[in-house]
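Accompanying notes for the structure given below.
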Amino acid sequence: SRGNADDSLEQAFAGFSKSRDPDVSTAAHRVQEKYHALRVLRRTLDDALAKGPEQQTNLDIPDRMYNAGTDLIAEIQNLILIYGRSLGVNDASISRQMMFKYFVWQLAEYAGQEYALIGRIIAENKHPAFAQQERLLLLRGRIQYGWEILHKYAVRDAVARKVLPFTEEAETQYFFTFDQIKDFFYGQNQAPEDANYPISIEMWLGIASQAVDSLLALQAEAVKVTQHQVDLIEQDSQKEMLINSIIFLCALSLSLYCWSIIVFRIVRPVNAMVEALYKAP
């Protein structure tokens, strides 16, 4: 599976490298660099796992892979936005839909980071350190801002209104999950010492996975609706091309008909009269 994915991505990178848009080529090159860096970390992690827990010394590889994966996703989203600018020129609704999907992705990404950080704190059975609290509050603010943006899009964009039930379901799942744990991880000033949380890491993963699944369902529905809209635009374009081709053929036929009338009904009789005059004694 890794080999197939690598081959597919390499083909995609080769295709992007031929783009006439320098911004697209630059963005694709950044994605390629991030992906190659992730592959290096992946091989390092494979080697570490193969050695067994007794010989594993570099324990920060999973964190580095997480950060590298997040950076890669961010660059891919940036590439999608840059590559889709031409579509926005033809249809402004496509541009709005791509921005909507971008905010959905950001929301899911920040929520995923929040869940991962809280899961790590629970697994370590310690109160969050000051830096962790700052990170959680930062993610919290970005997530709340993301929900506000999605609601604004739902008011003025047709696609956002179509996925509104999925948006509401994801929002309900997220805040339900957040309400379960907010008193334990936000706004505390305890030192990062041992803590007795009333929730295990297994319970937290179960609760958080429901919220993550709802966000992924929102992403999938947004992609589905946008793809449908793109297909409709493509169909309309094909119809317009067909109509324009028919109009062109009709105009060409009319031109040929007019030309034949001029040649056979006007020019030829005139030429015949001229020839007759020259032949007259």
> Within segment 221-248, restricting attention to residues that are charged (D, E, K, R) and closer than 30 Å to G112 by Cβ, which residue is surrounded by the fewest Cβ atoms within 10 Å (Cβ to Cβ)?
Replying inline: D231
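Take the residues in segment 78-96 that are aliphatic (A, V, I, L, M) and open to solvent by 50 Å² or more (accessible area, probe 1.4 Å); name whichever of them is modelled with the lowest pLDDT.
V89
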> Within segment 97-139, can you find the residues that are surrounded by 17 or more Cβ atoms within 10 Å (Cβ to Cβ) and basic (K, R)?
Replying inline: K101, K126
> When both residues are 6+ apart or on different chains and their Cβ atoms are under 9 Å apart, which pairs have a first residue that lies in segment 209-220 and is touching a residue at least 40 places away in the same chain (Cβ under 8 Å) and open to solvent by less than 40 Å² (accessible area, probe 1.4 Å), and a second that is polar (S, T, N, Q) and part of a helix (DSSP H, G or I)?
Replying inline: A211/Q173; A211/T177; S214/T172; S214/Q173; L215/Q173; L218/T167
> For segment 195-215, which residues satisfy the criterion of being in contact with a helix residue (DSSP H, G or I) (Cβ under 7 Å, 6 or more places away or on another chain) and part of a helix (DSSP H, G or I)?
Replying inline: I201, W204, L205, I207, A208, Q210, A211, V212, S214, L215
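For segment 26-50, what are the residues that are modelled with pLDDT under 80 and in contact with a Ser or Thr (Cβ under 9 Å, 6 or more places away or on another chain)?
Of the residues in segment 26-50, the ones modelled with pLDDT under 80 are 48-50.
Scanning segment 26-50 gives a single hit, A48.
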>> Quick check on segment 1-53: of everything there that is farther than 17 Å from T70 by Cα and of a type in the set (F, W, Y), which residue is least open to solvent (accessible area, probe 1.4 Å)?
In response: F13
> Residues of segment 51-68 being at pLDDT 65 or above and either in contact with a helix residue (DSSP H, G or I) (Cβ under 6 Å, 6 or more places away or on another chain) or over 30 Å from R120 (Cβ atoms) (or both), which ones?
Replying inline: I61, R64, M65, A68
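The values are calculated or read from the model by the stated rules, or taken from the named source; none is laboratory data. The structure displayed is predicted, hence computed values, not measured ones. Heads up, the Cβs are rebuilt from the backbone with ideal geometry, glycines too, and the neighbour counts pull from every protein chain shown. Note: areas computed on protein heavy atoms with side chains; ligands, DNA, RNA excluded. Shrake-Rupley method; radii C 1.70, N 1.55, O 1.52, S 1.80 Å.
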